[in-house]
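Peer 1: Mind looking over this structure? Questions follow.
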Amino acid sequence: ARCAQRAARSTAQPLPAMRKVAGCLPPLGECYAVRRDRSDADAAVYEQLAFALADEKVDVLLAETLTHSSEAANVILGVKMASLKRGYRLPLWVVFTLADDATGRLRGGERAAIAIQRALDAADGAGVLLSGVGVNCCAPGAVDAALADVVEVAEGREVVVYANAFESTTSEWLKTEGRP
């Protein structure tokens with residue numbers, strides 16, 4: 001985060017107001033592994049990550065490659081705890097990974113729009129500023145299938161979308177690794 005801040009601040013031309021430094025709140029454990037459980041231990045890890053990133057003055061916290069709304073709930077609880085203890089109120093973006101197909105579902109099985117709505121509801125209930133939602137780390141066709149629903153449920157929030165550009169899909173790669 002410190003290096004990203006220096007780089008962003010040193011190249012202030014031509015659009016400094018549009019530039020943001022995001023601090024990543026990654027999946028805990030193996031990437032793409034579905035995590036459906038709410039966990040105080042996971043929330044505590046996210047709390048510590050949020051502390052560290054806020055101390056480095058990131059502009060937004062980015063929880064990415066989440067497979068299920070319960071992961072988002074753990075992130076939101078951790079960000080809430082960090083905010084209450086340290087007085088930070090950074091915006092949060094929550095970005096889910098989609099299955100590599102046209103179903104509009106996350107790798108954990110939920111429809112993207114439902115998972116995003118659950119995250120929005122959890123953030124509203126926790127007093128966390130969830131200012132962006134989206135999808136990532138999936139085949140471009142999966143984004144195409146889910147994008148209209150994501151934009152609709154975002155209700156004016158920033159929509160964050162970035163697909164993989166691999167020669168094979170993530171699902172194909174996971175199969176070669178012997179993973180579901």
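The values are calculated or read from the model by the stated rules, or taken from the named source; none is laboratory data. Because the structure is a prediction, the values reported are computed rather than measured. Note: ideal-geometry Cβ built from the backbone for every residue, glycine included; neighbour counts use all protein chains shown. The area values use the complete protein model at the heavy-atom level, side chains included, leaving out ligands, DNA and RNA. Shrake-Rupley method; radii C 1.70, N 1.55, O 1.52, S 1.80 Å.
Peer 1: Going from most exposed to least, what order do R35, R89 have by accessible area with a 1.4 Å probe? All intermediate terms of the calculation are to be shown ahead of the outcome.
Peer 2: Values: R35 75, R89 150 Å².
Putting R35, R89 in descending order of accessible area: R89, R35.
Peer 1: Rounded to the nearest 5, what % of the DSSP beta bridges within the chain are antiparallel ones?
Peer 2: Details: 2 of 21 bridges.
So the antiparallel bridges amount to about 10 percent of the total.
Peer 1: Please report the net charge: other residues with Cβ closer than 10 Å to the Cβ of I114, K and R +1, D and E -1. Present the calculation step by step, with values, prior to reporting the outcome.
Peer 2: Details: positive: R105, R111, R118; negative: E110, D149.
Summing Lys and Arg as +1 and Asp and Glu as -1 gives +1.
Peer 1: If ligands, DNA and RNA are left out, what is the accessible area of D121 with a 1.4 Å probe, given in Å² to the nearest 10?
Peer 2: For D121, solvent-accessible area is about 90 Å².
Peer 1: Defining a contact as two alpha carbons under 8 Å apart and six or more residues distant in sequence, what relative contact order in percent does the stretch 22-77 show?
Peer 2: Working: 71 pairs, mean separation 32.8, N = 56.
Relative contact order, the stretch 22-77: 59 percent.
Peer 1: If you don't mind, there's one more thing I want to ask. Rg(Cα) of the stretch 16-79 divided by 2.2 N^0.38 Å?
Peer 2: Numbers: Rg = 12.2 Å, N = 64, 2.2 N^0.38 = 10.7 Å.
Its radius of gyration relative to the 2.2 N^0.38 Å reference: 1.14.
Peer 1: Can you give me the relative contact order of the stretch 55-150 as a percent, contacts being Cα pairs under 8 Å and 6 or more apart?
Peer 2: Details: 168 pairs, mean separation 33.1, N = 96.
Answer for the stretch 55-150 is 34 percent.
Peer 1: Extending each Cα 7 Å along its Cβ direction at V161 and R111, get the distance between those two points in nm, one decimal.
Peer 2: About 1.8 nm, to one decimal.
Peer 1: Same structure, new question: Sticking with the crude label model, points 7 Å out along Cα→Cβ, report the distance from A41 to R179 in nm, one decimal please.
Peer 2: 1.9 nm
Peer 1: While we're here: At a Förster radius of 25 Å, what calculated FRET efficiency corresponds to the Cβ-Cβ distance of D121 and D59, to the nearest 0.05?
Peer 2: 0.55
Peer 1: Taking the Kirkwood radius as the inverse of the mean 1/r across Cα pairs, report the Rg/Rh of the chain. Show your work: numbers first, answer last.
Peer 2: Details: Rg = 16.1 Å, Rh = 16.6 Å.
Reported Rg/Rh (Cα atoms, Kirkwood Rh): 0.97.
Peer 1: Using alpha-carbon pairs under 8 Å, 6+ residues apart, how would you state the relative contact order of the chain in percent? Could the numbers behind the result be given before it?
Peer 2: Details: 340 pairs, mean separation 33.6, N = 180.
Relative contact order of the chain: 19 percent.
Peer 1: In addition: Counting only protein chains, not ligands or nucleic acids, how are K20, K57 ordered by accessible area (probe 1.4 Å), most first?
Peer 2: Numbers: K20 105, K57 135 Å².
So, going from the largest accessible area down, we get K57, K20.
Peer 1: OK, next. From the alpha carbon gyration tensor of the stretch 64-168, can you work out the equivalent ellipsoid semi-axes (sqrt of 5 times each eigenvalue) and give them in Å, largest to smallest? Don't skip to the end; give the middle numbers.
Peer 2: Details: eigenvalues 124, 32, 27 Å².
So the equivalent ellipsoid measures 25, 13, 12 Å along its semi-axes.
Peer 1: If each residue of separation counts as 0.36 nm, what is the full-extension length gain between A148 and R86 once their alpha-carbon separation is subtracted?
Peer 2: Details: separation 62, 0.36 × 62 = 22.32 nm, distance 3.70 nm.
Extra length from A148 to R86 when fully extended: 18.6 nm.
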